[in-house]
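The values are calculated or read from the model by the stated rules, or taken from the named source; none is laboratory data. A quick note: this is a predicted structure, and the numbers were derived from the prediction, not measured. With ideal geometry, Cβ positions are generated from the backbone for all residues, glycine too; neighbour counts draw on all protein chains shown.
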Amino acid sequence: MPQMLATRLVDLDAPASRVRAVIADEFITGEAPDGVMIGSPGGATDDTVLYARVEVVDAERCRVELAIANEFRIPFFQWALGPMVLGQMERNVDHCSSRLATRIEGREPPPPLKPPLLLPRVPFTARQANQLAVASFATSIAVFGGALYGQNAQSIQDSFGASDGAIGNALAASRVGALVTLFIAAMADRVGRRRLILVGLVGVAIANALTALSPNLWALATLQVFARGFVSAAAVVAGIIAIEEAPEGARAFAASMLALAGGLGFTVAVVLLPIADFNDETWRIGYVVSGLSILLVPRVGRHLKEGRRFVELAGTDVERGRAGEVLDRRYGKRFVVLGIVGFLTNVLNAPSAQLSNKYLEDDRGFSNSGILGFRTATTGFTGFIGIILAGRLTEARGRRPVAALFLLLAALGQIAFFLSSGPAMWVASGFSVMAASCGGLALGTMNAELFPTEVRGTSNGMLLLVSVLGSATGLVVAGQLSDPLGGIGKAIALCALPTVLAAILFVPRLPESAGHDLDEISPSEEEST
């Protein structure tokens, strides 16, 4: 029995023989026993099947039963996407009914059916949908574990009696974990994507479980070096497998689903913030929860398959994970430009992400519960809109213009947020989050697309390392300039200027990847020889 089924009965004033001929011409690719006609109606997945049975009423009339069936379930996210897929199937069977009726009656056919915002315009196979769902779930676990440090920065500072400079330096020190990420991401090119995603999730859980027991700030910072490395590694490799497995024309959609899943993980970290209001030590509870995520890893492993492109490449003589290929004549310029953009944008991204709560608490008098309300109002919905907008715009308008425009708008919005107060601060925050979600997704999609399969993990690990240098620079600059400038808000606003520079001068220098096959954009060494 199919997991999901949508049916319609259509009464037509036409002989059964004519109706069967029209159905065969419009939809049908085969025939099953008992006179059931089988075809494909199109839709969110190419495993969706149309069944048609024609019942004779009399010589000039017949009744047609149309049924659209979908056989597979989406792991982890069936609760969210299943109703949307079923709703699309209901609309699809109505559309098929209209196509059939208008064809029989000689009228103009209905316009093409458009998918909902959260469903792809290009069909996914069951395997592709499975891979995207599992990669997204892994991303949400990892991002939740990584978000705890920045979200609880003020509580951690209070718990250990640290200064602004000390907490800023501790946050910056955790960026050394990029070395862990580089190693794991490079290994993903050698031993496969699946195994390294699981390693990353286990590493996050263990490091955060130990963080819950930290006796001082520097013990915590040391553990978070490893936690951040594993977080980034799991997220980077999950992003790679999602991009590699996505059908052509839906890579930005796949990236948007990963971003939504990451937003879900971040939201969980924010939702736990009020726990830290109870006393100076209850911030540790979030890390305990992250440690318990290790119980979910076996289930992720059962559903996650090795990437098809990696398996195909592993059967060739192409050398994998070679840093020299990332920097050679073909791909070196792309790496340099993406590295500069990553460095400059993260001078803002890191202090904004990790010190905004501190700014709201110290400079604007918010409690942790108040911060939760602010984040809910200005981050959740606007970030969601930005991601959905990016998934559509980057396919229709191109990665490069979307990244340049929205990164610029995000930087200006951040400046306004940190330099304003009252309602203007709320509006500026929501606007900047939406723009950053849109621009960041376009840029992140290019990070995976612009390098070949054999070095996609290595190149993304190297780009992350460069970006982390920007993050560390931004955190140190914001922490050190906080007192001279009269507050952390002004210091972070100053850190937005490099992003403006990146959007105007460097993003336009990147090649456009929208509308091109992945192997055309970045052919492997074997394909290019």
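None of Ser459, Ser524 is closer than 30 Å to Ile197 by Cα, modelled with pLDDT of 90 or more and among the polar types (S, T, N, Q) except Ser459.
Being touching a Ser or Thr at 6+ places or on another chain (Cβ under 8 Å), over 30 Å from Arg322 (Cα atoms) and of a type in the set (Val, Ile, Thr) is a property that holds for Ile488.
Scanning region 163-222 for residues that are over 26 Å from the mean Cα position of the chain (by Cα) and of a type in the set (D, E, K, R) yields one hit, Asp164. Evaluate the following for Val199: is it part of a helix (DSSP H, G or I), of a type outside the set (Lys, Arg), surrounded by fewer than 23 Cβ atoms within 10 Å (Cβ to Cβ) and touching a helix residue (DSSP H, G or I) at 6+ places or on another chain (Cβ under 9 Å)? Yes: the conditions hold for Val199.
Only one of the listed residues (Phe406, Phe451) is crowded, with 24+ Cβ neighbours inside 10 Å, within 18 Å of the chain's Cα centre (by Cα) and in contact (Cβ under 8 Å) with a residue 24 or more places away in the chain. That residue is Phe406. Scanning region 51-109 for residues that are assigned to a loop (DSSP other than H, G, I, E, B), farther than 30 Å from Gln131 by Cα and of a type in the set (D, E, K, R) turns up Glu60, Arg107, Glu108.
Beta carbons closer than 6 Å, at least 6 apart along the sequence or on distinct chains, pair a first residue in region 177-192 that is within 16 Å of Ala448 (Cα to Cα) and touching a residue at least 60 places away in the same chain (Cβ under 8 Å) with a second that is charged (D, E, K, R) and not in a helix (DSSP H, G or I) for Asp189/Arg320; Gly192/Glu306. Every listed requirement among (1) aliphatic (A, V, I, L, M); (2) closer than 18 Å to Ala101 by Cα; (3) at pLDDT below 85; (4) out of contact with any Leu (no Cβ under 8 Å at 6 or more places or on another chain) is met by Val49 save one, (2). Taking the stated definitions as given, is Gly489 in contact with a helix residue (DSSP H, G or I) (Cβ under 9 Å, 6 or more places away or on another chain) and farther than 30 Å from Phe366 by Cα? Judged against the criteria, Gly489 is not a match.
Each residue in region 478-499 was checked for being surrounded by fewer than 19 Cβ atoms within 10 Å (Cβ to Cβ), in contact (Cβ under 8 Å) with a residue 40 or more places away in the chain and of a type in the set (A, V, I, L, M, F, W, C), and 1 of them qualify.
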